[in-house]
Amino acid sequence: MKYVLVTGGVVSGLGKGVTASSIGVVLKACGLRITSIKIDPYLNTDAGTMSPFEHGEVFVLDDGGEVDLDLGNYERFLDIKLTRDNNITTGKIYQSVIDKERKGEYLGKTVQVVPHITNAIQEWIERVAMIPVDGKEGPADVCVIELGGTIGDIESMPFIEALGQFSYRVGPGNFCLVHVSLVPVLNVVGEQKTKPTQHSVRGLRGLGLTPNILACRSTKELEDNVKEKLSQFCHVPATNIVTLYDVSNIWRIPLLLRDQKAHEAILKVLNLEKVESITQEPKLDEWVARASIFDTLQDTVRIAMVGKYTGLSDSYLSVLKALLHASVDCRRKLVIDWVASTDLEDSTAIEAPDAYKAAWDLLKGADGVLVPGGFGDRGVQGKILAAKYAREKNVPYLGICLGMQIAVVEFARHVMSLTDANSTEFDPNTKTPCVIFMPEGSKTHMGATMRLGSRRTFFKVADCKSAKLYGNVSFVDERHRHRYEVNPDMVAEFESAGLKFVGKDDTGRRMEIIELPNHRYFVGAQFHPEFKSRPSKPSPLFVGLIAAASGQLDRVLTDCRNGYVVASPKPFPKHTPVVHQNGHPKKLANGLSNGTYHVNGNGVHA
C-alpha cells in the first residue's frame, strides 16, 4: 500500500479536500486504484451533531456514517463508496483507546498520548486503507489521507506525531507528503509573497514531517523566480512545486495537476514511475470535456433554494453539486437564488418589509424551487409558503427530507382544509399529525440515533415521473437522515385528495416519494438523493427538476422510456469550446474559485 498525505498551512479553507480529491483523480487516471481517509482533529465522535454553520453540511454514507463534507468530495470525484471509518476524528481515537483501557487490554500500563494514541491512529489508517471502496475485490493501490486543520493547531499534534512515525514505519517509496499552502499577492506591491509558505514548511519540518511536493494556492500561476525561492528555502525541487491558481470551475483542478506534471512527481516519490501497468499520462478526456462545456453554457436556469442555512453555502454543498451535475447534463448554466425561508413569512413583512419583498421577488422569478432538509422550527412556515406557491403556480418543485414533509403539511392545510395540520416536530400536541416521530428514534440522545444510511425504496406507481427518471426500475437504494416520517395512518386520506405516494419502503408503511400527478414537476423525497449524485451520473430527481425548470422534462421522460438512464455514465461530445466569460469569479471560503458568484450572493455555483 502506498500513502499520499495532504496537509495544509498558513490559513484554513485553502481547498485541501478538493486538492486531495484531485490528486486521487489524476492517480486513478494513471490506472491506480484509490481510497481516501479524512482526519478531523475535533473531539466530536462524528459530524452528526454539529451545526451546518459550524462545519458545513453533514455528509451521509451508505453505512449510515455521518461524516465531514470532504468525504462527499472524495466520493463525487473518484466515484467510490466510503465507510464511516474513512473519517477519523480525535473523538473516535480517544474513545477506542479508553474502551481498550477499561477492558484491561493495556495490561496495567500507563496509557499516554505517545505511544497509545499515536499507535491507535496508525493502526486505524492501516486497517481502513485495506477496505475496498470501488466495488472491486482486494485493497486499493494508493490511500490519499487528508489531515484537517492547519499545521500548528494544538488539537492536531497527536496526528502529526503519529503520521511522522507512520512515514518512518512504511519507509521511503511508500509515503508522499503534499503540503497545500498559500502564496498571497499584496495589492500594494503586486508581488507574490513566499514567506508564509516558508514559515509553514519550517513548522512542518520541525514537527517531523518533510514535504515532497508543495501545492501553492494563489490567484495566478507562480512565477519562476518565486518557485526557485520556495525550492531553496523549503528544500523541495522546483519541479515538485505546483500552483493551484483560481480557475473557472472546480473540474479544472485535476487538469491543473496534470498539466504541471504533479502525477509524475507523486509516482516518482512512490517508486511507481517505472511500473509498466501504470499509465504515465493520465486519461482525463471526460474531465476536459465537462470543464469546457461548463465554461461555454449560456442558457440559464434559475433555482430558488429556500432554506434556513443560506448564510453559508457549504451547508448545502451536496445539494449544490447535485444541481450542478443535473444542469450540465441538461446543458444549462445554473443560477442559484438564495432565499432565507424566514424572509418569506408574514412576520418579516412587518419587521423587515424590504427583505420580505426581495425574498418573494426571488421566489417568483425562479424557474424551479428546491426546499432542502433541515432541523428545527425556524423558517418552517416560510418553507410551507414556498411549497404552496410552487404547487399553485405550477412551478417545478423538489422537496428533500424536511422539504417533502412540509409539502405534505402544506397540502393538508390548503387542499384538504385541515388547518391545524402539522408535524409533531414543530407542534407535539397537534390534532392533525401529518408527520410523526419514528418509533425507533431516540428523544434523549442526538448522535447516530436517526434513520441513517442506504435504504431501499420500492416504486408503487409504475408510470410516475420519479420511476421513469430512475429508468423504470422497481426499486432504488438511496441514503437517509431523518427522525420524522409521514403519518402512515393518513396516507389513504392524502391519496384520495390527489397527493400520490409513489415510493415506499419494503414494509409499505414508510413513505419515501410523493408526487402531484397533474403538476409539471412536484416531487418530494424522504431520502437525500444529492449524496449519490456524481458528475458523470447525476441524480435522477435533480435532473427532473432542472429539466422541468428548463422545459426539457418531456424529452427526458421520453428518452427514459426509450431506455436512456439518467444516472448512467455518458460520454461528452467532442467539440472545440468557444470560451465566454462566465461572470466575475469570487473566491469561496475553501479558497477555490468554484463557479460564478454575483456581489449580492445570488450566483452560479460549481
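Rounded to whole Hz and in sequence order, give me ³J(HN,Hα) for the stretch 378-393 from the Karplus expression 6.51 cos²θ - 1.76 cosθ + 1.60, θ = phi - 60°, writing x for Gly and Pro.
Karplus-based 3J(HN,Hα) across the stretch 378-393 equals 5, x, 5, 4, x, 5, 4, 5, 5, 5, 5, 4, 5, 5, 6, 9 Hz.
How much length would be gained if the chain were fully extended between residue 103 and residue 347, taking 0.36 nm per residue of separation minus their Cα-Cα distance, in nm to one decimal?
This chain segment gains 82.2 nm when fully extended.
Once neighbouring chains are kept in place and the probe is 1.4 Å, which whole percent of the accessible area of the stretch 1-109 is contributed by carbon and sulfur?
With neighbouring chains kept in place, the figure for the stretch 1-109 is 51 percent.
Per residue, how much accessible area does the stretch 1-155 show when a 1.4 Å probe rolls over the protein heavy atoms, in square angstrom?
Working: 5720 Å² over 155 residues.
I get 37 Å² per residue for this part.
On the full set of protein chains, 1.4 Å probe, figure out the accessible area of residue 419 and give it in Å² to the nearest 10.
Using a 1.4 Å probe on the heavy atoms, I get roughly 120 Å².
Suppose a student asked you for the relative contact order of the chain, using Cα pairs under 8 Å spaced at least 6 residues apart; what percent would you report?
Dividing the mean separation by the residue count of the chain yields 15 percent.
Exceeding 30 Å between C-alpha atoms, which entries from my cross-link table qualify? They are 103/532; 308/460; 16/92; 393/460; 100/268. Could you put the intermediate results ahead of the total?
On the way: 103/532 39 Å; 308/460 32 Å; 16/92 22 Å; 393/460 27 Å; 100/268 40 Å.
Those over the limit are 103/532; 308/460; 100/268.
Tell me, what ³J(HN,Hα) does each residue in the stretch 101-115 have, in order and in whole Hz, if you take phi through Karplus 6.51 cos²θ - 1.76 cosθ + 1.60 with θ = phi - 60° and put x for Gly and Pro?
Couplings: 4, 5, 7, x, 6, 9, 6, x, 5, 6, 7, 10, 4, 10, x Hz.
Which entry in (1) 89, 83, 39; (2) 73, 67, 52; (3) 141, 60, 40 is this structure's computed Cα extents along the principal axes in Å?
Checked against the structure: label (2).
Between residue 280 and residue 394, what is 0.36 nm times their sequence separation minus the Cα-Cα distance? Round to one decimal in nm.
Full extension of this stretch gives 35.7 nm more.
DSSP loop (so not H, G, I, E, B), at most 16 other Cβ within 10 Å: list which GluC sites (Glu not before Pro) in the stretch 252-303 pass both filters.
273, 276
So which chymotrypsin sites (Phe, Trp or Tyr not before Pro) in the stretch 148-229 pass both tests, a DSSP loop state and at most 16 other Cβ atoms within 10 Å of the Cβ?
none
In Å², what does the accessible area per residue of the stretch 171-226 work out to with a 1.4 Å probe?
About 44 Å² of surface per residue is accessible.
Hey, for a label at residue 554 modelled as a point 7 Å past Cα toward Cβ, could you say which residues of the stretch 340-373 have their backbone N under 15 Å away?
Counting only backbone N, you get no residues.
Long-range amide H contacts for residue 475: which residues qualify at under 5 Å (H placed 1.01 Å from N, peptide plane, sequence gap of 5 or more or a different chain)?
Distant-sequence amide H within range of residue 475: 459.
Counting only helical runs of four or more DSSP H residues, what would the 222 nm mean residue ellipticity of the chain come to if each run contributes -39,500 (n - 2.57) and the total is spread over all its residues? Write down the numbers at each step before the final one.
Values: 20 runs with 205 residues, N = 606.
Result for the chain, helices only: -10000 deg cm²/dmol.
Considering only DSSP states other than H, G, I, E and B, which GluC sites (Glu not before Pro) in the stretch 433-515 qualify as loop sites with at most 10 other Cβ atoms within 10 Å?
Numbers: sites: 440, 478, 485, 493, 495, 512, 515; in loops: 440.
Hits after loop and neighbour filter: 440.
I'd like the distance separating the alpha-carbon centroids of the stretch 384-422 and the stretch 462-499, in whole Å.
Measuring centre to centre over Cα atoms gives 15 Å.
The values are calculated or read from the model by the stated rules, or taken from the named source; none is laboratory data. Note that the structure is predicted; figures quoted are calculated from it, not measured. Because the Cβ atoms are built from the backbone with ideal geometry, glycine has one as well, and the counts that use them run over all protein chains shown. Calculation scope for accessible area: heavy atoms of the full protein, side chains included, ligands and nucleic acids excluded. Shrake-Rupley method; radii C 1.70, N 1.55, O 1.52, S 1.80 Å.
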